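Here is the structure we will look at, set down as structure tokens.
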Amino acid sequence: MRDWTGNRMRNRSSVRGKVAVITGAGSGIGRALALELAARGARLAVSDVNEASLAETAAALQSRGADVHAAPLDVADREAFRRYARDVAGHFGVVHQLYNNAGIAGGGLPITEVDYEVIERTLDVNLWGVIHGTKEFLPHLIASGDGHLVNISSLNGFMAQAMLAAYCTSKFAVRGFTEAVRADMLLAGHPVQVTVVHPGGVKTNIASAAAEEVRRRTPELAEEADRRARIYNEKLFRTTAAEAATVIVDGVEGGAPRVLVGRDARIIDAAVRALPARYPRLAVAMLRRMFAAWGIDPRR
């Protein structure tokens with residue numbers, strides 16, 4: 001039997017009663033995942049670098065009667081992640097699931113105009129955050145006897161896109177890393193399932209945050225960055241965070257090794273597979289048409 005993504009399904013496994021760790025839970029997909037898992041009866045450890053947003057998520061979970069542990073965390077900080085994993089495992093006594101969700105957009109400028117600092121921070125959060133979480137929590141997932149590792153990549157984990165070099169680099173790497181970890185678990189016979197998630201355009205604040213980063217670092221490009229963010233927010237981001245969370249948790253409960261979120265992710269996945277050498281030109285042509293309609297000059 002196969003699911004809607006074409007993956008062969010394992011026996012379904014409920015998240016009820018499981019201890020699930022979610023990074024980047026202060027907003028967007030992370031908060032929606034926390035709420036969806038709570039609704040299905042999971043116990044939750046939530047973290048975010050933004051303490052105010054994290055407090056809002058924790059309050060929402062507690063109002064629903066969820067068993068929740070909340071702590072601030074910068075996923076790029078290895079020692080902080082190590083302490084966090086130790087604290088969560090000590091609090092619950094066991095950890096079954098890890099959702100490595102925390103991520104940032106990475107500038108949203110052509111590579112010629114992106115600072116090294118932005119590239120490094122993007123890789124530190126999007127890639128090293130996933131590596132840190134996997135390394136620190138995987139022993140606990142194995143020890144649980146019924147573990148599940150879930151790493152959030154992106155449709156930009158299989159499709160490269162102009163003006164997103166740092167982001168695409170991180171998300172392609174998350175995909176490869178996750179698939180390699182899955183192979184490790186299969187080879188060793190460990191009781192841990194591994195899932196890579198590729199969301200398409202989800203209605204979160206990631207595009208607006210990227211524009212704000214441009215405004216802070218290169219004010220002369222702020223107006224165009226704001227217009228590009230509007231294109232993403234109004235034209236490309238179609239799936240709600242709640243819808244994305246439902247698809248992801250359904251995939252986890254169904255044992256899917258790969259989850260595509262949104263019609264756009266499924267269409268682009270098929271296009272990249274069919275036209276691996278031609279899709280970059282097609283993607284650029286589409287962006288040029290959208291930019292022209294919004295009065296944006298992409299020739300930088």
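The values are calculated or read from the model by the stated rules, or taken from the named source; none is laboratory data. In this text, all values refer to a predicted model and were calculated from it rather than measured experimentally. Cβ placement follows ideal geometry from the backbone for every residue including glycine, while neighbour counts extend to all protein chains displayed.
State which residue pairs qualify: first residue within 14 Å of Pro139 (Cα to Cα) and inside the stretch 182-200, second residue among the polar types (S, T, N, Q) and outside any strand (DSSP E or B) in any location, beta carbons under 7 Å apart, and separation of 6 or more residues or different chains. So the pair list comes out as Val194/Thr178. Only a single item in (1) surrounded by fewer than 19 Cβ atoms within 10 Å (Cβ to Cβ); (2) at pLDDT 90 or above; (3) in a helix (DSSP H, G or I) is not met by Met290, and it is number (2).
Of all the residues in the stretch 274-287, those that are farther than 10 Å from Met159 by Cα and part of a helix (DSSP H, G or I) number 7.
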